[in-house]
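J.: A single structure is presented below for examination.
The values are calculated or read from the model by the stated rules, or taken from the named source; none is laboratory data. Remember, it's a predicted structure, so these values are computed and weren't measured experimentally. Cβ placement follows ideal geometry from the backbone for every residue including glycine, while neighbour counts extend to all protein chains displayed. These area figures cover heavy atoms from the full protein model, side chains too; ligands, DNA and RNA do not enter into them. Shrake-Rupley method; radii C 1.70, N 1.55, O 1.52, S 1.80 Å.
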Amino acid sequence: MKRLILVFCAVVSALLAGAQTPRQELKKNLRLSASNLSVYPGPQQHKLTPAPDGKKAFYISHFGRHGSRHQTRLPDFEYVTGVLRKAEHDGTLSPLGVDVLSRVCLMQKDTERHLGELTTLGAQQHRDIIKRMYDRFPSVFEKGTLIDARSSTSVRCILSMNNALMQLMRLNPDLRFFQDASQADRHYLMPSDRTLQSRVATVETKDSYVAFCKKHSRWRHTVEQLFNDTAYVNHHVNGERLNYYLFRLASGLQNTELSQQITLYDLFDDDDIYQNWLRENAFWYLTYGASPLNGGDQPFIARELLRTIIMQADSCLLLRQNSVHLRYGHDTTLMPLVCLLGLDGYDLATDNLEQLERNGWVNYRIFPMACNVQFIFYRKDVNDQDVVFKVLLNENEATLPLKTDMAPYYHWADFRDYYLQRINAYEENHAGE
C-alpha cells in the first residue's frame, strides 16, 4: 500500500510539474500570444485511448478552420506606417523606428496582393491534419467510404478543403468524394445572429472590457523605443493604438514565409507579450464565451452547426457504409461551438475577467489557425445500437460535461439528447427575437 501511495504521489507531482500557466507557456513560445493568429501546433497527445472492446471507428464528423493566412486588413499597416513616416519627417524617429518602418513596409508589400489568402503553411497544415486522421482511424477509410466535404465560400476555406481532399485522394483513390462551397451551407458554417451580437456591445460589457484593458495597459516600452523624443510621443502619438497594431502585425507574421526573414516580436518584452495576450483573451471570451456580462448565451450562435452535426450523424448511423463529414469555416464559428459543447471546461461562466486564466480559459488552446473539432464514432457492427464516440479538440482527446462510464468515450444517445434539449430550450425561450 505504501508503495502504491508513493507511486501515485510521484505521478501527480509529474503531472503538476508538466502543467504550465499561460505566462510560462508564452515565455517558452511567445507566438502563442497571437491568439487566433497563432500557428497550428499539431496534436500534443500522440497516443490516443484505445476503443472500447469490440468497437471500431466507422464515422467521423469534423469542423475545422481554414489554415494559416495572410493578414486581412491593409489599414493595420497603413496606420503604423503613417505614424512612423510622420515622425521620420519630424525628425523624431529613432534608428530602431526607421528599421521597424522598413520591416512593416516589407510586410505590407508582401500582403497587399494576397490579402486574407491561404499561405503555403496553411495548405500544409490541412494536408497534415487529414493524414493524421487517416492514420489514426484507418477502419473508417475503407474502399467506398463517402467523404462529404463542405466549405464556406471564402477562398481560404475552399483551398483548405481542397488540400485535405487531395491528400486523401493520394492516400486512397478508392474513396468516394463530394465537395461543395455554397451559400446553402452558410447558415451553419458562418452563422449570424443579430440579437446575440447586439448583447456583446452592451454598456456593461464595454465598461468591463475597458476597465480590464486599462488595468493591463502595457505600451510604453514598445512604443517609446521607436522615437527619440518622449515629449513627442506624449503629445503626438496614440501609444495604445500604435502598440495594438504593432502587436497584431507581429502576431500575424508567423503565418507567412516572410517570418523566416524578419520579426516584430523583438519590440516586446515578456511582460508586454503577456499583457497584450491577456487583453485579447478577455476580448474573445466576451465575444463568444458564456460570460454573464454578455447574457451568457453567446455560444448559441453555433447552435445550427451543432444541430447539423447531430442530424447528419443520426443519418450516417443508419448506413451500412462508412462515411466522413468534413466542414471548413472560420474561428468565429469554431470558438462558440467549443464553448457551446463545453469542451475541456470552455463553457466557463464568470463575470470576473481576472479569473479567466486561473480557470483555464485560454484562447490560443482553442482556435489557432487550422483549429478543428473531430467526433469519432464507434460500433461493433451495423446492428450495434450502443454507438459511442469521443471528441478531439485540435486532435487531442477532450472532455464533455456529460456523465460517462468509459471516458474519454461517451454514449451518442446521451449526447444527442442533452444537446438537442439545450438547443431547443434556447430557441423556445428566445422565439420571436
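J.: So residue 110 passes all but one of these: (1) of a type in the set (Asp, Glu); (2) farther than 26 Å from residue 301 by Cβ; (3) in contact with a strand residue (DSSP E or B) (Cβ under 7 Å, 6 or more places away or on another chain). Which condition number does it fail?
T.: Exception for residue 110: condition (3).
J.: If you don't mind, there's one more thing I want to ask. Are any of the residues in the stretch 149-158 touching a Gly at 6+ places or on another chain (Cβ under 7 Å) and in a helix (DSSP H, G or I)?
T.: Yes, the stretch 149-158 contains a residue that is touching a Gly at 6+ places or on another chain (Cβ under 7 Å) and in a helix (DSSP H, G or I).
J.: OK, next. Mind listing just one residue for me: the one in the stretch 334-349 that is open to solvent by less than 10 Å² (accessible area, probe 1.4 Å), assigned to a helix (DSSP H, G or I) and not aliphatic (A, V, I, L, M) and, of those, nearest to residue 397 (Cα to Cα)?
T.: The extreme case among them is 339.
J.: Against the conditions (1) under 19 Å from the mean Cα position of the chain (by Cα); (2) open to solvent by less than 10 Å² (accessible area, probe 1.4 Å), where does residue 294 fall short? Just the number, please.
T.: So residue 294 meets the others, but not (1).
J.: While we're looking at this one, here's another question. Output the number of the condition that residue 370 fails; it satisfies all remaining conditions of (1) at pLDDT 95 or above; (2) more than 26 Å from residue 150 (Cα to Cα); (3) part of a loop (DSSP other than H, G, I, E, B).
T.: (2)
J.: Further question: Do we find a residue being surrounded by fewer than 21 Cβ atoms within 10 Å (Cβ to Cβ), in a helix (DSSP H, G or I), more than 13 Å from the chain's Cα centre (by Cα) and at pLDDT 95 or above anywhere in the stretch 326-333?
T.: no
J.: Please specify each residue of the stretch 255-281 satisfying the condition of being closer than 14 Å to residue 71 by Cβ, open to solvent by 10 Å² or more (accessible area, probe 1.4 Å) and among the polar types (S, T, N, Q).
T.: Residues satisfying the conditions are 256, 259.
J.: Consider residue 372 carefully, then state whether it is touching a Leu at 6+ places or on another chain (Cβ under 8 Å), open to solvent by less than 10 Å² (accessible area, probe 1.4 Å) and over 26 Å from residue 39 (Cβ atoms).
T.: Answer is no for this residue.
J.: Would you check which residues across the stretch 106-126 are modelled with pLDDT of 95 or more and open to solvent by 50 Å² or more (accessible area, probe 1.4 Å) and list them?
T.: 106, 109, 110, 114, 115, 117, 120, 121, 124
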